[in-house]
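A.B. asks: Got a structure for you, written out below as structure tokens; questions coming shortly.
The values are calculated or read from the model by the stated rules, or taken from the named source; none is laboratory data. Every value quoted in this text rests on a predicted model; they were computed, and no experiment measured them. Cβ atoms come from the backbone with ideal geometry, glycine included; neighbour counts cover every protein chain shown.
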Ligand SMILES: Cc1ncc(COP(=O)(O)O)c(C=O)c1O
């Protein structure tokens, strides 16, 4: 428990202290996102104060009407009584294939485009498949920091993983670091998110080429997690079929599997529908190991008819129609999905400035030599406080975040802030609270 000399904090000191004690959380710095959500809910109820809630990466925008209306229409037409095909409804598969062509400039047949119950399920299914391809390659490598639940998935599956924080290995330095793991011969899969949750770093083409080249050299599969597709707002990726395209490792290797979430880019988190896109060569590839386990050697076939069948037997029928309609509008150029979410970048710009003006430092601040984009997340620290200390102290000032320590980051001083739940009406509160914090601790 932290001790604050000045107990005149923006949120009633005794109430926050009591609720932290009541929560049973032993170390705030190690608390999971959901534990923090529950703790702050309790403090808000007791104090009737509204927090600047930056702990959870939930979309802060309404779902596009195009998706909702298409779902209603599909439901009224009776889809809810029928099982969806496991590999996805045809219109959705076609639109995913078009989307990947128009926004990544990558050719994939609709057959290799599969809806999943969020990217969460896509990742789980991918781990299940990719760790079975070669008995010697039994380990997944995370280029961290990363999304904590993916490691939880591997723990649930009882699979091995290794991780390293990319902070000190940007640009050319990434090659030697990655190769030091791949040389051992036990890595089946490399996974990272781009743009990155939690740091919002975006790999450059140079870095993606390093990853792709090494994936070729060591025959490993890259899971590129695009949960924040197109949301590096420094470039305009919004025009279908026109440069610039969202950067991807798919330009440099055939060994890839993409996870494209609809949760943030399309504000569709509640419907749990995401996209898994697999390189056609990988989809159609035969593996002896799969033949031994499943009696069929084909990667794509087993992924669909063994793994996804066993996990959920497909994705909610109406949600697929909703996503298909949104993608069609985006692909046809009649709905600019990036414009819809740009507000996150605008918020981040203002909020980062407030933190910096009040003595805080941005932890992950560059992509090679370029300043980081403003987007869904940013990372910050305060003087020489550890992240855990900082997180707990900030709770007395009505500000919540999560510790980078739970994301595989070595920057133990850092916290992750998510901007999605803080709109302009709360900026004055945030500024006041950060000023008070800085006054008390500088
Ligand atoms: C990096 C990353 N991957 C995957 C997901 C899960 O996405 P979905 O909601 O599509 O399951 C998230 C959600 O926050 C994420 O940040």
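A.B. asks: Within the stretch 123-135, can you find the residues that are farther than 15 Å from residue 256 by Cβ and away from the ligand (no atom under 16 Å from the Cβ)?
C.D. replies: Passing the criteria: 131, 132, 134, 135.
A.B. asks: Check every one of the helices (runs of 4 or more DSSP H) wholly within the stretch 1-85 and list those with 3 or more residues that are surrounded by 17 or more Cβ atoms within 10 Å (Cβ to Cβ) and in the same structural domain as residue 117 (by TED's automatic domain parsing).
C.D. replies: 65-76
A.B. asks: Residues that are more than 16 Å from the ligand (Cβ to nearest atom): which strands (runs of 3 or more DSSP E) entirely in the stretch 171-275 hold 2 or more of them?
C.D. replies: Counting at least 2 such residues, we get 187-193.
A.B. asks: How many residues are in contact with a helix residue (DSSP H, G or I) (Cβ under 9 Å, 6 or more places away or on another chain) and without any contact (Cβ under 8 Å) to a residue 40 or more places away in the chain when one looks only at the stretch 358-380?
C.D. replies: Residues in the stretch 358-380 being in contact with a helix residue (DSSP H, G or I) (Cβ under 9 Å, 6 or more places away or on another chain) and without any contact (Cβ under 8 Å) to a residue 40 or more places away in the chain: 3 in total.
A.B. asks: Scan the stretch 131-142 and give yes if some residue there is crowded, with 16+ Cβ neighbours inside 10 Å, at pLDDT 95 or above, on the phi < 0 side of the Ramachandran plot and part of a helix (DSSP H, G or I), otherwise no.
C.D. replies: no
A.B. asks: Continuing with this model, one more query. Could you tell me whether the stretch 93-106 includes any residue that is within 16 Å of the ligand (Cβ to nearest atom) and touching a strand residue (DSSP E or B) at 6+ places or on another chain (Cβ under 6 Å)?
C.D. replies: There is at least one residue in the stretch 93-106 that is within 16 Å of the ligand (Cβ to nearest atom) and touching a strand residue (DSSP E or B) at 6+ places or on another chain (Cβ under 6 Å).
A.B. asks: Look at residue 120 and say whether it is surrounded by fewer than 23 Cβ atoms within 10 Å (Cβ to Cβ), within 16 Å of the ligand (Cβ to nearest atom) and modelled with pLDDT of 95 or more.
C.D. replies: Spelling it out, residue 120 is indeed surrounded by fewer than 23 Cβ atoms within 10 Å (Cβ to Cβ), within 16 Å of the ligand (Cβ to nearest atom) and modelled with pLDDT of 95 or more.
A.B. asks: Does any residue of the stretch 284-307 turn out to be within 16 Å of the ligand (Cβ to nearest atom), in the same structural domain as residue 239 (by TED's automatic domain parsing) and touching a strand residue (DSSP E or B) at 6+ places or on another chain (Cβ under 8 Å)?
C.D. replies: The answer is no; no qualifying residue exists.
A.B. asks: Show the residue pairs that are 6+ apart or on different chains and have beta-carbon atoms under 7 Å apart, the first residue being within the stretch 249-265 and touching a residue at least 60 places away in the same chain (Cβ under 8 Å), the second being within 10 Å of the ligand (Cβ to nearest atom) and assigned to a helix (DSSP H, G or I).
C.D. replies: Listed pairs, sorted by first residue: 259/119; 259/122; 259/123; 261/118; 261/119; 263/118; 263/269.
A.B. asks: Can you find, within the stretch 90-126, the residue that is nearest to residue 278 (Cα to Cα) among those that are more than 19 Å from the chain's Cα centre (by Cα) and assigned to a loop (DSSP other than H, G, I, E, B)?
C.D. replies: 108
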